[in-house]
1. Where in segment A:3-46 does the amide nitrogen come within less than 19 Å of the point 7 Å from the Cα of A:Glu232, taken along Cα to Cβ?
2. Is there a quick way to get the dipole size of segment A:10-94? I mean about its Cα centre, with the Cβ of Lys and Arg at +1 and of Asp and Glu at -1; what is the value in debye to the nearest 20?
3. Cα convex hull of chain A: how many Å³ per residue?
4. Cross-link candidates for A:Lys374: which lysines have Cα within less than 30 Å, leaving aside residues fewer than 8 places away along the same chain?
5. Restricting the calculation to Cα positions, tell me the Rg (one decimal) and the Dmax (whole number) of segment A:21-70 in Å.
6. Using only alpha carbon pairs under 8 Å that are at least six residues apart, calculate the relative contact order of chain A and give it in whole percent.
7. When the scattering of segment A:85-193 is computed by the Debye formula from its Cα atoms alone, each counted once and equally, what is log10 I(q)/I(0) at q = 0.10, 0.19, 0.24 Å⁻¹?
8. For chain A, what are the DSSP H helices with axial Cα length of 20 Å or more and mean Kyte-Doolittle hydropathy of at least -1.0?
Amino acid sequence: MENRRVRVRFAPSPTGPLHMGGVRTALYNYLFAKQNGGDFLLRVEDTDQTRFVPGAEAYIVEALAWCGFSPDEGIGAEDKLPGGGPHAPYRQSERKPMYRAFADQLLEAGHAYYAFDSPEDLEAVRERAKQAGNPNWQYNSITRTSMKNSLTLSEDEVQRRLEAGEAYVIRVKMPRNEEVKFEDRIRGWVSVNTLNLDDKVLLKGDGMPTYHLANVVDDYSMEITHVIRGEEWLPSAPLHVLLYRFFSWAQPEFAHLPLLLRPDGNGKLSKRDGDRLGFPVFPINWHNEETGESASGYRERGFYPQAFINMLAFLGWNPGTNQEIFSMDELIRDFNLNKVNKAGARFDFDKAKWFNQQHLRLRPEAELIQAYMKEAGARGLEIPSVDFARSAMNLFMDRAEFIGDTLDAADYLFSDPNSYDEAMVAKKWTAEAPSYLSDLDLLFAQTDYTEGHLEACFKNYLAEKGFGFGQVGPVLRLAIAGTTQGPSIFTVMELIGSEASHRRIQTAITRL
RNA sequence: GGCCCGUUCGUCUAGCGGUUUAGGACAUCUCCCUUUCACGGAGAAGAUCACGGGUUCGAAUCCCGUACGGGUCACCA
């Protein structure tokens with residue numbers, strides 16, 4: 001058992017877009033699988049037909065692909081393996097016929113029973129219990145004795161109801177007063193007494209399994225060795241452990257991940273947080289045609305997937321060194337499930353942006369230029385040449401967190417300024433300003449239009465006249481760029497060329 | 001409320017009984033670089049390690065209790 005090939009799975013429910021917490025769970029699964037030379041599967045848990053949302057499954061597949069870690073097997077791996085792999089189908093709704101036999105196995109062994117109580121019956125019992133001061137009534141080893149099930153009804157009666165086609169569910173028969181223990185990879189030993197566990201429904205009235213049955217059966221059939229999932233599953237893990245025991249199956253190792261908390265207020269990050277927080281909580285844009293609901297994603301916000309996953313990996317894990325910027329390969333190499341934190345993590349968008357800035361600088365220049373040109377095109381800016389794009393981009397690269405930032409305050413590289421920073425004009429545009437510019441314009445006309453020559457020429461002029469840089473520099477800057485901020489003005493002049501520079505200087509003289 | 005899990009700077013975290021005057025990163029502030037903005041560099045501030053008891057020569061690190069936070073209590077996953 002110990003030397004089995006590592007196989008992990010990410011098993012989301014297609015009830016909407018996958019939020020970043022889900023992506024992190026998937027990422028940790030993937031990192032763990034790859035580190036151990038194992039398989040990462042994607043299984044869709046769509047046993048609740050009432051909550052099915054069209055497009056959600058495709059969204060999940062696309063989101064993982066964007067992040068750079070598509071499944072090796074299962075949904076989204078149909079191009080690698082026929083049908084997604086040897087354990088197809090990977091959608092639980094399509095596996096429906098398989099579960100019944102396992103429920104029967106439990107029934108025969110006395111670990112499960114039929115229950116005929118209707119949803120209305122249950123609601124009534126719960127309501128009565130509530131009135132009596134018990135807010136959460138449970139169908140358990142005590143209460144089941146007063147309900148309609150195969151434990152209380154006679155064998156004949158049960159048979160009769162079954163044959164009459166009466167609706168029923170199959171419930172697990174939770175043992176009485178037994179300590180269930182298991183060792184969680186992240187939390188250590190977790191122990192729960194079955195007195196606190198209820199007789200969960202295993203097979204629903206519509207013949208579909210609930211999460212608990214389907215999950216255990218599928219993980220077993222798909223030879224899953226490690227179950228890495230969110231902490232919200234910790235309370236039901238003992239039931240799963242019991243189920244493995246009832247089936248006499250080897251239980252996989254469990255690792256319950258800490259939750260991603262909402263940056264504001266309390267509670268875990270949820271899909272509903274959407275755009276309310278001022279930043280995306282989803283990997284990619286989401287739009288539901290039916291409801292018109294949509295939410296923005298990191299991809300469309302300009303994030304690199306490398307930065308996104310690096311940031312996510314660090315929400316709950318840390319290599320123990322001072323290295324923070326990781327490529328996927330480095331994450332695979334250094335990730336360690338045992339070093340995952342126990343406490344939930346609140347995430348910080350500023351740090352997320354910092355990760356993007358770091359990864360932005362790691363991108364190859366050719367790729368950046370392409371992205372730059374595409375972004376410029378989207379903004380309706382004319383790029384004369386690739387060389388121009390390269391220079392213009394690099395001028396603003398230092399200050400950018402996203403590629404789009406290099407274009408945000410750079411309009412003057414593409415067209416003459418159509419306005420001037422009024423505050424700076426008031427402060428720096430003195431009565432002598434026009435004369436400085438006329439002088440400079442003449443001098444520049446006789447120099448090589450390169451950054452070095454322009455600057456030398458400018459400094460010469462200052463020295464000759466005895467002017468200070470602060471007196472003349474901002475004036476030139478205003479004329480050329482309309483603002484006093486930005487990269488070296490001489491580099492800008494070299495880039496836009498002598499003709500445009502001359503024109504701008506003249507325009508400024510007449511307009512200001 | 002029951003059960004389960006957690007608790008180190010504002011945030012993410014390092015730390016696994018002495019090497020700790022508790023380290024790093026983001027954010028904040030200061031200075032340098034740049035007579036601009038940013039980048040970069042240097043530095044500051046920021047955590048009585050939730051609190052109270054133990055155990056030990058010695059505890060952020062081990063144990064117990066309390067408080068607080070979170071999760072979960074469906075024929076949802």
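The values are calculated or read from the model by the stated rules, or taken from the named source; none is laboratory data. Since the model is a prediction, treat every value here as computed from it, not as a measurement. Quick reminder, even Gly has a Cβ in these numbers, built from the backbone with ideal geometry, and neighbours come from all protein chains shown. Protein only, heavy atoms only, side chains kept; ligands, DNA and RNA dropped before computing areas. Shrake-Rupley method; radii C 1.70, N 1.55, O 1.52, S 1.80 Å.
1. Inside the label zone: A:9-29, A:43-46.
2. 260
3. So the per-residue Cα hull volume is 202 Å³.
4. A:Lys351, A:Lys353
5. When restricted to the Cα atoms of segment A:21-70, Rg and Dmax are 12.3, 38 Å.
6. Worked out over chain A, it gives 12 percent.
7. -0.45, -1.13, -1.25
8. A:20-35, A:451-465, A:489-511
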